[in-house]
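The values are calculated or read from the model by the stated rules, or taken from the named source; none is laboratory data. The structure presented is a predicted model; accordingly, all values stated were derived computationally and were not measured. So basically every Cβ, Gly included, is an ideal-geometry build from the backbone, and we count neighbours across all protein chains shown. Accessible surface is based on the protein model in full, side chains and every heavy atom, while ligands, DNA and RNA are left aside. Shrake-Rupley method; radii C 1.70, N 1.55, O 1.52, S 1.80 Å.
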Amino acid sequence: MGIVNLTPDSFSGDGLASDTRAAIRHAEFQLASGAHILDVGAESSRPGAIPTPEEEELRRLLPVVREIAGWGVPISVDTYKPAVMRAVLDVGASIINDISALRGPGALEVVASSDCGVCLMHMQRDPQTMQLAPAYCDVVREVGHFLESRIRECERMGIDTNRLLLDPGYGFGKSLEHNITLFCQMGALSTLGCPLLVGVSRKSMLGGITGREVDERMTASVVAAVLAAQKGAKILRVHDVAETRDALSVLAALGDNNCD
Ligand code: 7PJ
């Protein structure tokens, strides 16, 4: 899954603000680099980010989604706002990637009324407050219980579980230690029965491990993507698509699954 970022205040420095042509060119680049899904987002969820008004989010998203939805590759939209979900589904998006796991009022209903895929992500609190002393007794169990409860809510609303992806939500209300534990034990979440999506590309947990600034985290990101794939992740949300694909090709050819 290649990231196409339409925010002006992206933490990773890849934001294309409201330049529609530049965003479409970046989407083209991600596709040519080998992405199987394009994930378009127009509201920053960096810690402390100011929420983007719905009209502004739509003004950034709609022209891009409308254009790239015709390319024959699934388009995922990173949004937690039900009205934005409705509007992007109407112009051809096929996956809703919701950092709040459809907890917004009316979000379950919008998804239930369509046949789109959904990513349910775990986040403790919200982007404004999530990094102020995140706390868990057992991070893996608590994230697992949360995702399971969201799966049950989807089922109750008639959203088939085969439409769901699950995401532990690295960096969303988690300390470095929480992120590391949750990464090492992500296999425990496979028992929930839905494919896992993992997004760690350029994130601060990799800065914490390597001491690198955000523009120097590509190697760390690619290695983390390979490890996530080894641990069973089915979708990797990344900035650096070509590099990640090369690494996954090497894993497939030389990894234990092919050498046992
Ligand atoms: C994630 C996301 C993630 C999912 C962002 C960033 C921050 N959606 N949206 N999973 N992160 N599903 O790009 O690092 O980890 S925004």
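Descriptive notes on the structure:
- Set side by side, the residues Arg86, Arg125 differ, and just one is open to solvent by 20 Å² or more (accessible area, probe 1.4 Å), in contact (Cβ under 8 Å) with a residue 24 or more places away in the chain, more than 10 Å from the ligand (Cβ to nearest atom) and part of a loop (DSSP other than H, G, I, E, B), which is Arg125.
- Taken together, the residues in the range 211-260 that are out of contact with any strand residue (DSSP E or B) (no Cβ under 7 Å at 6 or more places or on another chain) and outside any helix (DSSP H, G or I) amount to 8.
- Residue ID - farthest from the chain's Cα centre (by Cα), chosen from residues in the range 113-122 that are surrounded by 17 or more Cβ atoms within 10 Å (Cβ to Cβ) and more than 9 Å from the ligand (Cβ to nearest atom): Ser114
For (1) within 11 Å of the ligand (Cβ to nearest atom); (2) modelled with pLDDT under 95, each residue gets a yes or a no:
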| site | (1), (2) |
| --- | --- |
| Gly2 | no, no |
| Pro8 | no, yes |
| Ser12 | yes, yes |
| Ala32 | no, no |
| Gly48 | no, yes |
| Arg66 | no, no |
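- Pair list, Cβ under 8 Å, 6 or more apart: the range 33-59 residue under 16 Å from Met85 (Cβ atoms), other residue among the aromatic types (Phe, Trp, Tyr) and modelled with pLDDT of 95 or more: Ser45/Phe172
- Filter pass, Ala23 being within 16 Å of the ligand (Cβ to nearest atom) and either over 23 Å from Asp115 (Cβ atoms) or not assigned by TED's automatic domain parsing to the domain that holds Asp126 (or both): yes
- Restricting attention to the range 195-223 and to residues that are within 15 Å of the chain's Cα centre (by Cα) and not polar (S, T, N, Q), the residue that is farthest from the ligand (Cβ to nearest atom) turns out to be Pro195.
- Counting only residues that are among the acidic types (Asp, Glu) and in contact (Cβ under 8 Å) with a residue 60 or more places away in the chain, the range 213-234 holds 1 of them.
- Scan the range 140-185 for residues that are hydroxyl-bearing (Ser, Thr, Tyr) and within 12 Å of the ligand (Cβ to nearest atom) and the total you get is 1.
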